[in-house]
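Engineer: Structure incoming, see below.
Read-outs: derived from the displayed coordinates by stated rules, not from any lab. Keep in mind it's a predicted model, so treat the numbers as computed, not measured. Virtual Cβ from ideal backbone geometry, glycine too; neighbours counted across all protein chains shown.
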Amino acid sequence: MTDNSVFPVPARFGPPVGGFQEVDGRRIFVHRSGVGGPAVVFLPGAGAVGLDYFGVQQEAARFTTAVVYDRRGTGYSDPVPLPRTAAAVATELRELLHALGVAGPYVLVPHSLGGFYAHRFAQLYPQDVAGLVWLDAFHCDWDDFMPPSAGLAAVERMGPDLEQSERMRPALREMFAEMLADYPERLRAPLTEAHVSDAWMRAGIAERTQLTGLARELRAGPDLPDVPVVALSVVGTEPGRQASAPERTPREMDDGRRRMDAALVNAVSYGKQRIIADTSHHRLCFDRPDAVVDAIRDVLGRARP
C-alpha cells in the first residue's frame with residue numbers, strides 16, 4: 001500500500017466539541033463522554049468523521065464510556081499521507097486510548113470502512129477487544145460474497161472523484177445539513193461546512209483507493225477473537241447504487257451482505273445478525289440510532305469486563 005496524499009485541514013475548521021490528544025507528536029481529534037466500561041469506541045467510515053456518530057455516542061454514554069475520534073489524515077486530526085495500512089490505523093487507535101487513560105478491553109463499533117480497521121485491531125490486540133458491533137461494515141472476505149461488478153476493486157472505482165464531488169457540493173451540503181438536523185446548531189453548521197471542504201472530500205476519496213490492499217492485509221492475519229458480535233446488515237435498494245449498477249447487482253449485493261454478515265456472527269459463540277431495511281448504508285446511525293444503541297447494549301451485556 002503506497003502513501004501518496006496529504007490533505008491539511010484548513011485553519012478555519014476547528015472541532016465544535018471535543019479536543020486533541022497528542023500521539024507520537026501528532027494531534028488526534030477525540031471526544032469522550034460517559035463513564036464506566038467496557039468503553040465503546042466508534043470507528044468511522046471513509047468520508048465520515050467521529051462527530052458524525054455524536055448522536056449514538058451520546059446515547060451510549062448514558063450507560064458507559066463512549067469515544068469518537070478521527071483517524072490521522074481525516075477530519076480534524078493532523079494530516080498524514082493517505083491511504084494507510086490497517087495495522088497503522090489500529091496501532092494508532094490503541095495508543096490513543098492508552099494516552100487518554102481509557103482502559104480496555106473495548107467494544108469496537110465500526111461503520112463501513114471502519115470494519116477493516118476494527119478487524120485489524122482485533123487481530124493485533126485480541127485481549128483488548130470485549131465485543132464488536134458491526135455497522136454495515138466492510139469485511140476482508142467481501143469479494144467472496146459480492147458479485148464481480150461490486151467487488152472491492154469495483155467499489156474503489158465507484159466513488160466520485162474530486163471534480164465530481166465539487167459539482168455535487170451543493171447537494172452534499174444539503175444532504176449533511178438534513179442528516180445532522182437533530183444535532184445542536186453549534187455542531188451542525190460547522191460540521192456541514194467542513195464535510196464539503198476540499199480537504200475532507202479529498203481525504204474520503206483517498207481512503208477508498210486501497211480497499212483490495214486492506215482486505216489482503218487482513219486475510220494474512222488470524223481470525224477474529226471469540227467475542228460477542230452483533231451485525232446490523234443494511235439491505236434494500238439505494239438510489240445511487242441502483243443507478244450505477246446493473247439491474248440484478250443491488251439484489252445480489254443485498255444477498256451477499258446477508259450471507260457475509262451471517263458468516264461473521266456464526267463464527268463466534270454469541271453472534272446476532274439484525275437486518276435493517278428502512279435506511280441506507282450512510283444513514284444508518286442517523287435514521288436508526290435505536291438499532292445501533294440496542295446492539296451496543298446487547299454486546300455490552302455479554303462482554304467480559
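Engineer: Sort largest first and round to whole Å: the equivalent ellipsoid semi-axes of the stretch 19-302, each the square root of five times a Cα gyration tensor eigenvalue.
Structural biologist: 25, 23, 19
Engineer: Long-range amide H contacts for T64: which residues qualify at under 5 Å (H placed 1.01 Å from N, peptide plane, sequence gap of 5 or more or a different chain)?
Structural biologist: It is V35, by chain and number.
Engineer: Before anything else, pin down the relative contact order of the chain: Cα pairs under 8 Å, at least 6 apart, normalised by residue count, whole percent.
Structural biologist: Worked out over the chain, it gives 21 percent.
Engineer: With loop defined by DSSP as not H, G, I, E or B, and exposure as at most 12 other Cβ atoms within 10 Å, which is the longest segment of the chain clear of exposed trypsin sites (Lys or Arg not before Pro)?
Structural biologist: On the way: sites that count: R12, R62, R248.
Excluding the exposed sites themselves, the longest stretch runs over 63-247.
Engineer: Would you pull out the residues with amide H under 5 Å of L43's amide H, same chain only if 5 or more places away, H placed 1.01 Å from N?
Structural biologist: Amide H neighbours of L43: V109, H111.
Engineer: Sticking with this structure for a sec: Work from the charge dipole of the chain (Cβ charges, +1 for Lys and Arg, -1 for Asp and Glu, about the Cα centre) and give the residue of W142, H195, G55 farthest towards its positive end.
Structural biologist: Result: G55.
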